[in-house]
Amino acid sequence: MTFETKVDPNTVIDNLRDLFGDSLTAADVRGYCASNGISSYQYFCTRYLNEFKIGRGKWNLKTQKKAVELEQTFSAPSAEPAPVEKQKLIPDKDPTYVKFGNFSDVKKIIQSKQFYPAFITGLSGNGKTFSVEQACAQLGRELIRVNITIETDEDDLIGGFRLVNGETVWHNGPVVEALERGCILLLDEVDLASNKILCLQSILEGKGVFLKKTGRFVSPSKGFNIIATANTKGKGSEDGRFIGTNVLNEAFLERFPVTFEQQYPSVAIEKKILQQLSDDDQFCQKLVDWADIIRKTFYDGGVEEIVSTRRLVHIVRAYSIWKNKEKAIEVCVNRFDDETKQAFLDLYDKVDADVNFGNEEEKPNEGLVEELQIPSV
């Protein structure tokens with residue numbers, strides 16, 4: 001008897017309700033099976049009534065809608081990916097970008113179109129992510145950037161089923177999309193990840209990935225590569241500066257053949273970066289000198305904060321809005337604690353004689369300011 005394979009579950013439930021109402025007993029079901037030539041009572045109960053069971057030999061069909069929806073969800077042939085409209089994934093060229101640091105090496109790896117994962121580490125705001133984006137922009141390469149967090153899991157990266165118009169369909173995650181398109185996959189802030197990132201192990205070996213939920217294997221297309229950026233080297237942050245960073249699995253880190261250590265640009269390069277955004281050359285020079293003193297003190301252990309290249313850019317852009325140097329600097333260093341902020345402002349007073357933050361009378365943090373002395377020329 002092929003009843004089980006031919007009859008739609010909805011039809012069976014409707015027939016049972018017509019005959020017996022919402023409540024069924026074992027005797028009702030056995031009688032239905034006998035009258036329809038169904039040989040296996042147990043199979044019938046498991047196949048059609050499992051979701052309605054309320055006790056031994058008792059079923060209630062009031063939950064029919066839920067059961068039918070579940071049946072349609074899990075039995076529907078939904079393994080094919082949902083159609084995705086091709087989007088423009090090549091980053092825009094930034095005419096103000098100034099290359100420095102590891103840019104040329106990263107660009108050469110991308111240009112080779114070889115699968116050669118790279119790990120870029122360095123302090124915050126020193127152009128790690130931006131350099132990868134601009135390398136792709138200059139080479140006309142597609143880039144998919146994924147911002148990693150502690151919550152990022154396999155479903156976020158690889159993909160999964162999504163409910164669309166009442167049906168479940170497979171949607172590629174950014175990793176599968178990059179594999180199929182031959183993109184550069186940028187794992188940004190990868191040291192924030194949990195051990196769930198290990199779902200990328202086979203992909204980091206250049207072997208593609210098997211989609212367990214669809215039974216499909218995705219091979220990497222020509223040009224696919226992975227670049228990861230992080231503030232640490234995947235060993236955590238001992239000084240607490242980067243709270244939330246984790247110790248990454250050693251096997252995961254070993255799958256990156258090369259690691260680049262990104263430093264802040266030199267004073268000359270950093271000035272050139274700011275000059276792309278401001279016509280005030282003198283102000284740009286004062287800013288980079290100020291940041292350079294702070295960084296040297298930071299590396300010597302004198303202060304716990306640093307002024308990044310990104311923050312200097314913020315200041316220059318703030319200056320273009322308010323046309324006021326004092327305000328531009330102050331609003332952009334407000335993120336620091338009061339003592340550090342005041343020390344930084346006091347130091348800028350000494351670097352730039354044309355600026356005064358009005359704090360000559362009070363010196364609440366002279367000890368910290370002394371650490372930030374302008375080097376003798």
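Just so you know, all these numbers are worked out from the coordinates, no wet-lab data involved. The model shown is predicted, which means the values in this text are computed figures rather than measured ones. Because the Cβ atoms are built from the backbone with ideal geometry, glycine has one as well, and the counts that use them run over all protein chains shown.
Return the sequence-ordered ³J(HN,Hα) values of region 53-60 in whole Hz as given by the Karplus equation 6.51 cos²θ - 1.76 cosθ + 1.60 applied to θ = phi - 60°, using x for Gly and Pro.
Ordered by residue, 3J(HN,Hα) equals 5, 10, x, 5, x, 9, 9, 10 Hz.
Give the distance, in whole Å, between the Cα centre of region 227-300 and the Cα centre of region 146-210.
27 Å
Testing the spin-label approximation: label points 7 Å from Cα along Cα→Cβ at Thr25 and Thr46. State their distance in nm.
2.6 nm
Express in nm, to one decimal, how much length is gained between Lys88 and Asn10 on full extension, taking 0.36 nm for each residue of separation and deducting their alpha carbon distance.
23.7 nm
Could you pull out every residue, at least 5 positions away or on a different chain, whose amide H is within less than 5 Å of the one on Val303? Hs are placed 1.01 Å off N in the peptide plane, and Pro or chain starts have none.
Phe298
Which loop GluC sites (Glu not before Pro) in region 122-163, with loop taken from DSSP, have no more than 12 other Cβ atoms within 10 angstrom of their Cβ?
Taking region 122-163 and a limit of 12 other Cβ atoms within 10 Å, the loop GluC sites (Glu not before Pro) found are Glu151.
Quick one: what are the phi-derived ³J(HN,Hα) couplings along region 282-298, Karplus 6.51/-1.76/1.60 with θ = phi - 60°, whole Hz, x for glycine and proline?
5, 5, 4, 5, 4, 5, 6, 5, 4, 5, 5, 4, 4, 5, 4, 5, 4
From the phi of every residue in region 18-29, what ³J(HN,Hα) in whole Hz does the Karplus formula 6.51 cos²θ - 1.76 cosθ + 1.60 yield, where θ is phi - 60° and glycine or proline is x?
5, 7, 10, x, 7, 9, 10, 10, 4, 5, 4, 5
Can you tell me the order of 183-190, 198-205, 321-328 when each peptide is scored by its average per-residue count of other Cβ atoms within 10 angstrom, highest first?
183-190, 198-205, 321-328
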